[in-house]
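Asker: Right, I'll just put the structure down here and ask away after.
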Amino acid sequence: MIRKYTYGNPVETGAVIQKLPDETQPFSLMQLDETQDGIRLFLRMAREDAVYGLGEQVRGINKRGFTYISDALDDPQHTEGRHNLYGGHNFLILDRKKEPSFGIFVDDPSRTVFDIGETKLDELCIQAGPDCVIYTVEGESLKDIAKQFRELIGRSYIAPKWAFGYQQSRWGYACAADVREAVVGHHSRQIPLDAVYMDIDYMERYKDFTVDGEKFPDFAEFVSEMKAQGIHLVPIIDAGVKMEEGYPVYEEGMREHYFCTDADGKEFVAAVWPGKSLFPDVLNSKAREWFGGQYRFLMEQGIDGFWNDMNEPAVFYSERNLKKVMKELRSIEDDNLDLYAFWHLKGLVNGLENNPEDYRQFYHNMDGVKIRHDKVHNLYGYYMTKAAADAFEHIAPGKRTLLFSRSSYIGMHRYGGIWTGDNASWWSHLLLSIQQMPSLNLCGILYTGSDIGGFGCDTTQDLLMRWLEFGIFTPLMRNHSALGTREQEVYQFENTGDFRNIIRIRYGLLPYIYSEYMKAALDNEMYFRPLAFDYPQDAHAAQVEDQLMTGSSIMIAPVYRQNATGRYVYLPEPMMMVRMKSLEEKTCTVLEPGHHYVDIALEETVFFVKKNRMLPMAVLDEDVRNISGVDMERLEWIGFTDTEASYVLYDDDGISKQYAPKENWKKIVRTKEALDVTA
Ligand code: MIG
């Protein structure tokens, strides 16, 4: 049961796809106060109630105990005190033990605050509006509420099958030779790989939709050379367009008034990578169509995947604010700065970046309606990504193109995935990434993953290995690291064979991962779920913050602590533990429900299969190089049952949009004796 309540005069955000009538009854699930500054919602929470959702945020799966803010921001400090990350995902579910649970979605693209028991331990307070739409979702169970919400917001983006292979990225691959080296580094060690990413260095002076001809002479030829080796190249696209005479994207955009403007209608100038830049007005349908059309330049050269970056949009400084700050700096040049004066100086300089005041200085032309950016701030990444996705419908119709974004808003999941941005090579960020997955899935974002090994800081062999042991389960499995950090390709470390084994397990799991992804997308379900969603009656399951139900057959419990040789695992029901040293070396043990300490050596991958369920594992040749070497017909069935186990296998061509109709989903049943791998 979904109810819709409209307050003020909200903009059409495009978050939902169902047209619902406005409720005539007053809002009743929570206390609602309408004030001049907006809407305030209050609810008492019982001590045992939990809150799930909010997509990309810091902290745990149960969001209680902190204030989360939707206010898209480019900030790499994903630490416990950070209130906002890159997106605006205003959906949460209140899991109430004594009263009915419900979900609430606040469709408000400006700054929205969720105080979930921070100010008052047992009080939830949401601040939004004044112009917003609120949806409440009542249902029979957490899963049912989640599904109804997903039906409201529409089907999740479906990536091409190759994008479920292992992908390598690094900010610092500066030329064709660097990319070749990464490919050879994997292939010469028989480590499968499906894609290599191109970060900003491929462009000519950081100009979108250009390729530096010195670093990549004959780019189209290079793209096909890579394709011949089974490698897809995935270039980055940034939100800011460089101001440079003679650069067609800049000149065309100026001529047609496709960029965001200041209050007087002059283009708003902010600096990002290329220095002074303009922001394409992706909230304007004409400008959006134009910007999306630019992707053609790369697609015509064979590119079939993109990642959209810096689309919060990130601002290094605005021309206006820089002038002001410089002037003030000059005025204090000769002062004897005491503590506070020095702090003030530091604040002036640090405050140049992503300054909230700058977001109040520019405007969009939403198809005739002039609207100040801060009122729609969280929509920018969504509409930049929609620009690309809409264009792909013309440029490569009928074909899936890989697309994911850094910033997003509810609804963007129909057009692309996200990656979780600039994390660090910290063990705490491995745990964070585990915890972000179900929250993102709840908001419809299925094609997602974190920078494996960590983006900032230097990784270590053990961190990368443990991260991969989790990453083999995330739909987006990409190793990415920042310029200046330790080189992080798996072959940079000793015991490369162990890394190879883990990555090969991913390819072995591919039939399962792809099936589960596709079923979750086509059925509006979650691929990663908190344990409480599957075991609502189990009070302990709700406490588990570091294990995930993954697809329909398994539960994962990754190791995320340094030097740990194992971990505690909670089993809500009997499950079969599968321990893998490699794809070929597995041992299975049935464990009783309850708490266990499980030894998991550094190079081992462990997961748990539910009773009467099973999963397919592809049998791979030694020289498999990419997903085309995964034979969906050559499967081993792993399961645990006293009688028979079953599984619904999904497959399709992996590239067209002709998804297999439900009648073609293969239900496979195996008796205990017929299982290939069992306890
Ligand atoms: O200001 O393009 O999150 O993945 O490597 C940094 C360089 C800009 C941020 C992205 C990161 C990417 C980096 N970008």
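The values are calculated or read from the model by the stated rules, or taken from the named source; none is laboratory data. All figures in this text were calculated on a predicted structure; none of them were measured in a lab. Don't worry about glycine lacking a Cβ; one is built from the backbone with ideal geometry, like all the others, and counts go over all protein chains shown. The protein model used for the area step is the full one, side chains on, heavy atoms only, and it has no ligands, DNA or RNA in it. Shrake-Rupley method; radii C 1.70, N 1.55, O 1.52, S 1.80 Å.
Asker: How much mean residue ellipticity at 222 nm does the chain get from its helices, if each DSSP H run of length 4 or more adds -39500 (n - 2.57) and you divide by all residues, to the nearest 500 deg cm²/dmol?
Answerer: Details: 13 runs with 155 residues, N = 679.
So the helix-based figure for the chain works out to -7000 deg cm²/dmol.
Asker: Restricted to Cα positions, what overall size does the chain have along the principal axes? Three whole-Å values, descending.
Answerer: That works out to 79, 64, 56 Å along the principal axes.
Asker: For the stretch 248-377, what is the Kirkwood hydrodynamic radius in Å, using each pair of distinct C-alpha atoms?
Answerer: Values: mean 1/r = 0.0602 Å⁻¹.
By the Kirkwood definition, the hydrodynamic radius is 16.6 Å.
Asker: I would also like to ask the following. FRET efficiency for Lys323 and Asn612, Cβ-Cβ distance as r, R0 = 45 Å, nearest 0.05?
Answerer: On the way: r = 68 Å, r/R0 = 1.52.
Efficiency computed from Cβ-Cβ geometry: 0.10.
Asker: Report the Cα centroid-to-centroid distance between the stretch 493-547 and the stretch 128-181 in angstrom, as an integer.
Answerer: Each part reduced to its Cα centre gives a spacing of 15 Å.
Asker: Compare the Cα positions of Leu278, Ala50, Ala182 along the charge dipole of the chain (+1 at Cβ of Lys, Arg; -1 at Cβ of Asp, Glu; about the Cα centre) and return the one farthest towards the positive end.
Answerer: Towards the positive end, the residue furthest out is Ala50.
Asker: Also: If you build the convex hull over the alpha carbons only and average its shadow over all orientations, what do you get for the stretch 241-315? Give it in nm² to one decimal.
Answerer: Working: hull surface 22.0 nm².
Dividing the Cα hull surface by four gives the mean projection, 5.5 nm².
Asker: In the stretch 438-536, which GluC sites (Glu not before Pro) fall in coil by DSSP and have 11 or fewer other Cβ atoms within 10 Å?
Answerer: Values: sites: Glu469, Glu487, Glu489, Glu494, Glu516, Glu525; in loops: Glu487, Glu489, Glu494, Glu525.
For GluC sites (Glu not before Pro) across the stretch 438-536 that sit outside H, G, I, E and B with at most 11 neighbouring Cβ atoms in 10 Å, the list reads Glu494.
Asker: Let me ask something else. Only helices at least 30 Å long along their own axis, judged from Cα atoms, and with Kyte-Doolittle mean hydropathy of 1.6 or greater: name those in the chain from DSSP H.
Answerer: Details: long enough: 496-522 (37 Å, 0.03).
Span-like helices, by this rule, are absent here.
Asker: Which percentage, to the nearest 5, of the DSSP beta bridges contained in the chain is antiparallel? If you can, show how the numbers build up before the last one.
Answerer: Details: 91 of 118 bridges.
Approximately 75 percent, going by the DSSP bridge assignments.
Asker: Go through Phe297, Val315, Leu329 and say which Cα lies farthest out towards the positive end of the charge dipole of the stretch 287-330; charges sit on Cβ, +1 for Lys and Arg, -1 for Asp and Glu.
Answerer: Leu329
Asker: Pulled fully out, how much extra length does the chain show between Asp367 and Glu140, if you take 0.36 nm times their separation in residues and subtract their Cα-Cα distance? Intermediate results must be reported in sequence, preceding the final value.
Answerer: Numbers: separation 227, 0.36 × 227 = 81.72 nm, distance 4.05 nm.
Stretched fully, the Asp367-Glu140 segment lengthens by 77.7 nm.
Asker: Here's something else I'd like to know. Rg(Cα) of the stretch 539-679 divided by 2.2 N^0.38 Å?
Answerer: For the stretch 539-679, the normalised Cα radius of gyration is 1.14.
Asker: Rounded to whole Å, give me the distance from the Cα center of the stretch 603-640 to that of the stretch 365-411.
Answerer: After rounding, the separation between the Cα centres reads 36 Å.
Asker: How much length, in nm to one decimal, is gained on full extension between Asp262 and Glu592, taken as 0.36 nm per residue of separation minus their Cα-Cα distance?
Answerer: Values: separation 330, 0.36 × 330 = 118.80 nm, distance 6.43 nm.
Between Asp262 and Glu592, full extension yields 112.4 nm more.
Asker: Lysines near Lys161 by alpha-carbon distance under 19 Å, same-chain residues fewer than 8 away left out - which ones?
Answerer: Cross-link targets: Lys227, Lys399, Lys519, Lys657, Lys662, Lys666.
Asker: Grab the alpha carbons of the stretch 301-341, take their convex hull, and tell me the volume per residue in Å³.
Answerer: Numbers: hull volume 6.1 nm³, N = 41.
Taking only Cα atoms, the stretch 301-341 has a hull volume of 148 Å³ per residue.
Asker: Got the relative contact order for the chain handy, in percent, Cα pairs under 8 Å and 6 or more residues apart? Please report the intermediate quantities before stating the final value.
Answerer: Values: 1547 pairs, mean separation 91.7, N = 679.
Once normalised by length, the contact order is 14 percent.
Asker: Please identify every one of the trypsin sites (Lys or Arg not before Pro) in the stretch 95-184 that sits in a loop by DSSP and has no more than 11 other beta carbons within 10 Å of its own beta carbon.
Answerer: Details: sites: Arg96, Lys97, Lys98, Arg111, Lys120, Lys143, Lys147, Arg150, Arg155, Lys161, Arg170, Arg180; in loops: Arg96, Lys97, Lys98, Arg111, Lys120, Arg155, Arg170.
Loop-located and lightly packed - Lys98.
Asker: Still on this structure, I have one more. Report the equivalent ellipsoid semi-axes for the stretch 512-552 in whole Å, largest first, defined as the square roots of five times the eigenvalues of the gyration tensor built from alpha carbon atoms.
Answerer: 22, 10, 6
Asker: Using only the Cα atoms of the stretch 446-499, build the gyration tensor, take square roots of its eigenvalues as a ≥ b ≥ c, and label the shape rounded, prolate or oblate: rounded if a/c is under 1.5, else prolate if a/b is larger than b/c, else oblate.
Answerer: On the way: a/c = 2.26, a/b = 1.23, b/c = 1.84.
Taking the square roots of the gyration eigenvalues as a ≥ b ≥ c, the stretch 446-499 is oblate.
Asker: Taking N as the number of residues in the stretch 1-82, what is its Cα Rg relative to 2.2 N^0.38 Å? Intermediate results must be reported in sequence, preceding the final value.
Answerer: Details: Rg = 15.9 Å, N = 82, 2.2 N^0.38 = 11.7 Å.
Relative to the rule-of-thumb radius for its length, the stretch 1-82 sits at 1.35.
Asker: Assign one of three labels to the stretch 581-655, namely rounded, prolate or oblate, based on the Cα gyration tensor with a ≥ b ≥ c the square roots of its eigenvalues; rounded applies when a/c is under 1.5, prolate when it is not and a/b is larger than b/c, and oblate otherwise.
Answerer: Working: a/c = 2.54, a/b = 1.38, b/c = 1.84.
Because a/c hits 1.5 or more and a/b fails to exceed b/c, the stretch 581-655 counts as oblate.
Asker: Work out, in µm²/s and without decimals, the Stokes-Einstein translational diffusion coefficient of the stretch 445-604 at 10 °C, 1.306 mPa s, Rh from Kirkwood over C-alpha pairs.
Answerer: On the way: Rh = 16.7 Å.
After rounding, the answer is 95 µm²/s.
Asker: For the stretch 641-679 and the stretch 466-486, write down the distance between their C-alpha centroids in whole Å.
Answerer: First find each Cα centre; the distance between them is then 29 Å.
Asker: Hey, could you pull the Cα Rg and Dmax for the stretch 75-129, both in Å?
Answerer: 12.9, 39
Asker: Apply the Karplus parameterisation 6.51 cos²θ - 1.76 cosθ + 1.60, with θ equal to phi minus 60°, to every residue of the stretch 259-272 and state each ³J(HN,Hα) to the nearest whole Hz, in sequence, with x for glycine and proline.
Answerer: The phi angles translate into 9, 5, 10, 7, 4, 8, x, 8, 3, 7, 9, 9, 9, 10 Hz.
Asker: If you don't mind, there's one more thing I want to ask. Evaluate the Debye formula for the stretch 412-451 with equal point scatterers sitting on the alpha carbons, no solvent, and hand back log10 of I(q)/I(0) at q = 0.15, 0.21, 0.32, 0.34 Å⁻¹, in q order, two decimals.
Answerer: -0.34, -0.61, -1.10, -1.17
Asker: Still on this structure: Based on the mean of other Cβ atoms within 10 Å per residue, sort peptides 585-598, 424-437, 645-658 so the most packed one is first.
Answerer: Details: 585-598: 13.0, 424-437: 22.2, 645-658: 16.2.
Most protected by this proxy first, the peptides run 424-437, 645-658, 585-598.
Asker: Assign one of three labels to the stretch 147-276, namely rounded, prolate or oblate, based on the Cα gyration tensor with a ≥ b ≥ c the square roots of its eigenvalues; rounded applies when a/c is under 1.5, prolate when it is not and a/b is larger than b/c, and oblate otherwise. Each step should come with its number before you reach the end.
Answerer: Working: a/c = 2.77, a/b = 1.34, b/c = 2.07.
The shape class here is oblate.
Asker: Quick one: accessible surface of Arg360, probe radius 1.4 Å, all protein chains present, in square angstrom to the nearest 10.
Answerer: 100 Å²
Asker: Also, I was wondering about something else. Which of the lysines could a cross-linker span from Lys586 if the Cα-Cα distance has to be under 23 Å and same-chain partners fewer than 8 positions apart are dropped?
Answerer: Lys610, Lys611, Lys672
Asker: Something else: Just to confirm, what accessible area per residue do you get for the stretch 29-100 at 1.4 Å probe, in whole Å²? Mind showing how you got there, number by number?
Answerer: Working: 2780 Å² over 72 residues.
With the other protein chains kept in place, the stretch 29-100 gives 39 Å² per residue.
Asker: Out of Pro572, Ser582, Ala557, whose Cα points farthest toward the positive end of the dipole of the stretch 525-604 (charges: +1 Lys, Arg; -1 Asp, Glu; placed on Cβ)?
Answerer: Ser582
Asker: Compute the normalised compactness of the stretch 67-184: alpha-carbon radius of gyration over 2.2 N^0.38 Å, N being the residue count.
Answerer: Numbers: Rg = 19.9 Å, N = 118, 2.2 N^0.38 = 13.5 Å.
For the stretch 67-184, the normalised Cα radius of gyration is 1.47.
Asker: Would you mind working out the accessible area per residue for the stretch 454-605, using a 1.4 Å probe, and quoting it in Å²? Kindly include the intermediate steps, with their values, before the conclusion.
Answerer: On the way: 4720 Å² over 152 residues.
Value for the stretch 454-605: 31 Å² per residue.
Asker: Would you kindly compute the Cα radius of gyration of the stretch 387-483 and its largest Cα-Cα separation (Dmax), both in Å?
Answerer: 14.5, 45
Asker: Here's a follow-up. Give me the number: length gained by fully extending Ala601 to Asn9, i.e. 0.36 nm times residue separation minus the C-alpha to C-alpha distance, one decimal in nm.
Answerer: Taking 0.36 nm per residue and subtracting the Cα distance, the gain is 207.4 nm.
Asker: Right, something else. Take the eigenvalues of the Cα gyration tensor for the stretch 1-46, scale each by 5, and report the square roots as semi-axes in whole Å, largest first.
Answerer: Values for the stretch 1-46, descending: 21, 15, 11 Å.
Asker: Oh, and also: Which percent of the accessible area of the stretch 628-679 is formed by carbon and sulfur heavy atoms (probe 1.4 angstrom)? Present the calculation step by step, with values, prior to reporting the outcome.
Answerer: Numbers: 1410 of 3000 Å².
So the carbon and sulfur contribution to the accessible surface is 47 percent.
Asker: Okay, moving on. With a cap of 13 neighbouring Cβ atoms within 10 Å, and only residues DSSP puts in a loop, list the trypsin sites (Lys or Arg not before Pro) found in the stretch 30-93. Mind showing how you got there, number by number?
Answerer: Working: sites: Arg40, Arg44, Arg47, Arg59, Lys63, Arg64, Arg82; in loops: Arg47, Arg59, Lys63, Arg64, Arg82.
Answer by residue number: Arg47.
Asker: For a Förster distance of 30 Å, can you work out the FRET efficiency between the beta-carbons of Asn664 and Phe297, rounded to the nearest 0.05?
Answerer: Numbers: r = 37 Å, r/R0 = 1.24.
Once rounded, the FRET efficiency stands at 0.20.
Asker: In addition: Between Arg189 and Glu636, take the C-beta separation as r, use R0 = 30 Å, and let me know the FRET efficiency to the nearest 0.05.
Answerer: The computed FRET efficiency comes out at 0.75.
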